[in-house]
Each structure stands twice: as C-alpha cells, then as structure tokens.
Amino acid sequence: MLRVLPALMMAVSSLMSLVTTIYKAGSVLFSFKDYDLVMSLPVSQKSVVASRILILYLMNELFAVVILLPMMVVYAMAARPGLLFYLVFLLTLLCVPLLPVVLASVIGVMVSILSARFRHKNLVGTLLMLLASLAIVFGSFGISGNADKLGELGAAFMGMVNRIYPLAGMYTSALCDGSLLSLAGFLACSLLPFALFVVLVSRWFGTMHTFCTSVGTQSHFVLSKGKTHTPFQALYQKELRRFLSSPLYILNTTIGVILSLVMAIALFFVPSQTLEQVLGFPGLAQILPLIAPVFLCFFIGMSSTSACSVSLEGKSLWIVRSLPVNTRTIFAAKLGVNLTVTVPFSLVDSLLLTVFLKPDFPDGILLFAIPLLYCFYISLAGLFFNLRFPNFTWTTEVAVIKQSAATFCGVMAGMLPVIGAVALLFAVPSMAGWLPVFFGAFTLLAVCVLWVSLRTAGIKWFEQF
C-alpha cells in the first residue's frame, strides 16, 4: 500500500500540469503581448524560446513541489529509506513536469492552430478546459470515495496507474527500490522529449506564432445601420466582449458557479445517507434546507470577474480614463459582467434546491436572497481588491487572471466567510437554524461597506492610476 503513494502523487502532479498547461501553452509560448518588442531585441530566437518554455516549466514545477514534497515527508516517516531515496527524489522532482509540459504544449498549440481560422475559436478552447477541469474534480471524488478499498486493491491500483502513465512505474521503482535502470529510463523519457521539443519550437517559432495568432474573418460584409448606446451599455458590452474573448478568463471565473450547478443537479441522484457519510456530518439531511444557501455562496465566492477586470486594461487604461464618463459608470460596467456570470447560476441553483429540499416559505426566501446578495458581495469585493492591488505591467493575461494578489484576495474574500460559517456550524450545531440569518446579515453589512468604499476611496485610487 505504501508504494501506491509515490505513484499516485506523481500521476496527480503530472495530470495537474497537463490540464493547466493546455490552455496556457499557446498564450505563453507564442501569443504573449510584447512579442514584437521581444523579437526586436538583440537576442537570439533560441534565447526567447528558452525563456518562454522556462516560464511554463517553473509554473508546473510549483505543482510538483506542492504535491510531491508532502508525499516525500509521509513516505520517509513510514518507510525510513536511506540516503539514496532523498537524492533520487530531488533529481526526479526537477524532471516530473517535463513530459507533461511537452504533451500539454503540443496539444495546446495544435488546438490553437486548428481553431485559429474559425470565428469562434475561443469556444473550442473554453469547452476543452471546462471538460478537463470537471474530469479532474469528479475523478478526485471517485478516488476519495474508494479510498477504503485501496489497501486491498493496492497491486491492482498500481497496475492501473502504470498502464495509464508508465513513467509513474519507473518513478516508483527508482524512488522506492533505488533502481538505477528505472531512474535512467525516467530521466531519458523526461529529458529527451523536452530537449526535442525545445529544438523544434526554436526552429519553427515564427511560423507557429503566425498560425496561433491568426484570426478568422467572415467571407462577406454588409453595411447596416449603426446603433447607439448609453455610456453604461457601451462600457458593459466592451467588458463582456473582453470576458468572452479569453478562454482562461472564462474558465477561471466560472468554474465555481458551474460546479454549483453540477452539485445542485447531483443532489437529485445522491441519497441523503451517502451525503452524510461523505461529509462526515450526521443529521445533515435534516438541516440541509437551512444551510443550503451558505453552501451555494462558497461556489459563488470562487467566481469574481471583477478581481482582474481593472488590471486587464493594461497599457490601454488611459483610453478608459480619457472617456467622457464618470468613474462610477466604469465601475458599474465591470460589476455588471460579474453579476451577469453569477446571478443566472444562482437563480437556477436556488430553484433546483427548492425543488429538491422543499423548504418552508421563510427558508425558501433565504435560499434565493442570500446567494443573490453574495453575488453583489463578491463582485464588489473583487473590484475593491483589484483597485487596491492593480497590475498594469503584465505581458500575459495569466499573470493577472490567475496569479495576481487581487485575484487571490478576491477568492479568499469569497471563500473564507463560508468556511468560517461552516466551522461555526460544526462547533455549535444547535445554531443551524440561525446560521443563514447571521450569514445574510454579515453579507449585507459587507456589501454596504464595500459600496461606500468604492464610491469614495475606490474612485480616488482609480483616478490616480
């Protein structure tokens, strides 16, 4: 059973690298914002390629460290291996992300090239990313649900992992058995494809950039009557087009509400007893109608488009600043996109839970009202943190959508209140009936504070950029 741990964690690390790199490879390698400026510098094309691939590698090395380092500690405490184990672990840790980066980059570049000629190429990338993310989430649920059987099925499980990803078997043999032959095979299978990939990309870098950044056009154009819009409508449509133009933006800010919809539908097929066992909360079925709106808020809190909407203006911020509109209208447009994403999902989720849980009238009102109020809260919180921690010097949108301080603070602001409410519920189960009321009051207070802050300090910060 102990040998399952290194193979499983190495496979999980590789899978995470594979999925997250598919949608980043094209933009990081070829479609980065300052391509023309970088290519005009007095450096070789190989140096440019090496720097872009190094960015991808370091991103995925972080996954490997976060996942495999705890595994090493647990395994070392249980198995008490010798010095060779630690040397092999450090050597292989540097090579684990190499093959996933190559495979994901090839897939990502192929998708970019094949879809570049279509008008709706972003739709293809978004659907692929969404399906991959959902597969990881529900695959992890399946593994955790069968965790009690892994002890009996350890050998079979190892065989399954090795068939799916043969490098996991080499990794386990090199790490646990100290097999130098397996270590050599693992290093060769990781380093050689990576080196070949670097050489090929360096050779065809310009051509690949052209294919990946090509834009499809309509075959004909018919001049029609123009339409006029109010300043808010024009700015809102601009923000919405920016949102829909980026698969990374869409996935990173909608995965939470999509999961909430999937969970709401899944409740119709999951028995209450099973749900109680999975969550470890006896009697959950009886209080679920009371705490359901708080759980919905957890997923809504993961979906903040406003947390990076200001930073995404980048060097074009001066255009928005110079428009003959007041700052409140600009803020309203950015908040409107966030509400467009979260409110429809919130209403559908609440409707499904109402049908499933059949709450009484007061609890039914709270089931709709609290998630809707939380949609306003997370929109305001995201915009507040983005104004407080802006980043206008990014060269790839990954830096502001996934890796910025504003995005991190926005997600934490959305999730921590729910985590605190759930912790309080576990500590004092008797207050389950009052939990939605207290949580709703807290959310309403936070909305009021953020609203006043944006209309005062927020406007001041924006006009000083």
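The values are calculated or read from the model by the stated rules, or taken from the named source; none is laboratory data. Please read these numbers as outputs of a predicted model, since none were measured by experiment. No Cβ is skipped: glycine too gets one built from the backbone with ideal geometry, and neighbour counts run over all protein chains shown. The accessibility values were calculated without ligands, DNA or RNA, using every heavy atom of the protein model including side chains. Shrake-Rupley method; radii C 1.70, N 1.55, O 1.52, S 1.80 Å.
Observations, loosely collected:
- Flagged links, alpha-carbon separation over 25 Å, of 24/460; 334/460; 238/402; 46/315: 24/460; 46/315
- Overall Cα dimensions of the stretch 1-69, principal axis frame, Å, largest first: 55, 20, 15
- Solvent-accessible surface (1.4 Å probe) assigned to residue 412 amounts to roughly 60 Å².
- Nitroxide proxy distance, nm - points 7 Å out along Cα→Cβ at residue 329 and residue 357: 4.1
- Note on residue 180/residue 58: beta-carbon distance plugged into 1/(1 + (r/R0)^6) with R0 of 22 Å gives a FRET efficiency of 0.20.
- Each residue, residue 204 and residue 233, gets one label point 7 Å from its Cα in the Cβ direction; the gap between the two is 4.7 nm.
- Peptides ranked, highest mean first, by Cβ atoms within 10 Å: ranges 287-299, 191-203: 287-299, 191-203
- Treating r as the C-beta distance of residue 37 and residue 431 and R0 as 60 Å, the FRET efficiency rounds to 0.55.
- Cβ-derived FRET efficiency at R0 51 Å, residue 399 paired with residue 369, nearest 0.05: 0.90
- Nearest-10 value in Å² for the accessible area of residue 34, using the 1.4 Å probe: 40
- Restricting the stretch 409-461 to chymotrypsin sites (Phe, Trp or Tyr not before Pro) that sit in a DSSP loop and have at most 16 other Cβ atoms within 10 Å of their own Cβ leaves 434.
- Linear extension gain, residue 319 paired with residue 266, 0.36 nm per residue minus alpha-carbon span: 14.5 nm
- Placing dummy labels 7 Å off each Cα toward the beta-carbon, the span from residue 419 to residue 78 is 2.6 nm.
- Of 35, 67, 106, farthest towards positive along the dipole that unit charges on Lys, Arg, Asp, Glu beta carbons give the stretch 23-108: 67
- Burial ranking of peptide ranges 381-394, 67-80 (average Cβ count within 10 Å, highest at the top): 381-394, 67-80
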